[in-house]
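Below is one structure, written out as structure tokens, with a few remarks after it.
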Amino acid sequence: MSKVFGYPTFDASGEMVLTTYDGDYAAMLMDVRVYKMKAGETRKFCRAGEEIAVLLLNGKMSFAWEGQEKSVSRKDVFTEGPWCVHAASGVEIAVTAEAETEILVQCTKNDRPFPSKLYAPEDAPWKYSSQGKFGNVANRRVNTIFDHDICPESNMVLGEVLNDRGNWSGYLPHRHPQPETYFFLFDRPEGFGASFVGDQVFKSVDHSFSAIPGGELHPQAVAPGFQMYTCWMIRHLDGNPWLQTDRCEDERYVWLHDMK
């Protein structure tokens with residue numbers, strides 16, 4: 001049985017492994033890692049038979065891919081929007097840190113070609129969800145960097161959520177057949193929340209993650225006093241891609257839509 005929660009740490013080289021194609025989190029069908037980079041450090045990402053997305057979490061750095069180059073910065077995930085390069089199999093993405101920088105790298109197996117793209121903050125604007133609903137305690141901002149509508153050749157979805165302090169997200173409790181990975185950051189190091197996967201619950205802390213098998217309910221909440229960031233990553237299934245309309249809410253809770 002696959003594990004559903006993780007508390008990884010950075011190794012001496014600055015790499016933190018979340019999920020891989022085998023091992024405890026193989027059900028995610030993705031390879032997801034986070035890297036902490038020092039100023040002047042360069043990392044290159046290129047895998048045959050796999051697509052790659054490199055997302056800036058914080059810092060200042062330059063992307064280089066297919067003869068293009070772009071210097072970008074992000075103070076943090078709570079105040080500024082995402083920069084991300086998404087590329088198909090065989091395309092190299094080089095990242096050079098111009099200051100201390102943290103990036104997330106999402107990969108999955110995919111042989112289909114598609115044009116590489118740099119996504120800027122204006123391409124993935126934050127939109128509030130659930131304001132005024134459920135007693136006004138499920139306020140969160142959501143962006144979608146890419147999904148099936150934006151890049152139909154991709155086998156992945158990548159987006160971000162910012163929970164208001166003390167609020168819920170992934171609410172109402174919902175499920176979908178495709179596996180999903182949540183990566184959590186908090187605006188203070190002692191920040192925490194709760195992440196539910198089916199009937200299991202764990203304390204979400206800075207740099208923890210949950211690995212959600214397809215079909216499991218997965219709401220989460222953040223404690224009062226803290227903002228919680230979630231990078232949400234979904235793996236499409238063959239012949240069954242995740243769509244924005246695929247959210248299936250638990251029928252036991254749909255009455256809450258009528259709650260004032």
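The values are calculated or read from the model by the stated rules, or taken from the named source; none is laboratory data. Keep in mind the model is a prediction, meaning the values are calculated, not measured. What goes into the accessible areas is simple: the full protein's heavy atoms, side chains included, and nothing from ligands, DNA or RNA. Shrake-Rupley method; radii C 1.70, N 1.55, O 1.52, S 1.80 Å.
Data overview
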{"read-out": "Phi-based couplings in Hz for segment 146-161 (Karplus 6.51, -1.76, 1.60; Gly and Pro marked x)", "value": "8, 8, 5, 5, 7, 9, x, 7, 7, 9, 10, 10, 9, x, 9, 9"}
{"read-out": "Segment 144-260: C-alpha gyration tensor shape, a/c 1.5 cut-off, then a/b vs b/c", "value": "oblate"}
{"read-out": "In sequence order, calculated HN-Hα J values of segment 73-86 (Karplus, 6.51, -1.76, 1.60; Hz; x Gly/Pro)", "value": "8, 8, 4, 6, 6, 8, 10, 9, x, x, 10, 8, 10, 10"}
{"read-out": "Accessible area of the chain divided out per residue, in Å², using a probe of 1.4 angstrom", "value": "44 Å²"}
{"read-out": "For segment 1-148: span of alpha carbons on each principal axis (Å, largest first)", "value": "48, 41, 35"}
{"read-out": "Carbon plus sulfur fraction of accessible area for the chain, probe 1.4 Å, in percent", "value": "51 percent"}
{"read-out": "25 °C / 0.890 mPa s Stokes-Einstein diffusion coefficient of the chain, Kirkwood radius on C-alpha pairs, µm²/s", "value": "132 µm²/s"}
{"read-out": "Gain on full stretching of the segment that runs from Lys203 to Ala26 - 0.36 nm per residue minus C-alpha separation", "value": "61.5 nm"}
{"read-out": "For Ile145, distant residues with modelled amide H under 5 Å away", "value": "Leu158, Gly159, Glu160"}
{"read-out": "20 Å Cα-Cα reach of Lys3 towards lysines, excluding residues that sit fewer than 8 places from it in its own chain", "value": "Lys203"}
{"read-out": "Pairs of Lys in segment 24-132 closer than 14 Å at Cα, counting only those 8 or more apart or on different chains", "value": "6"}
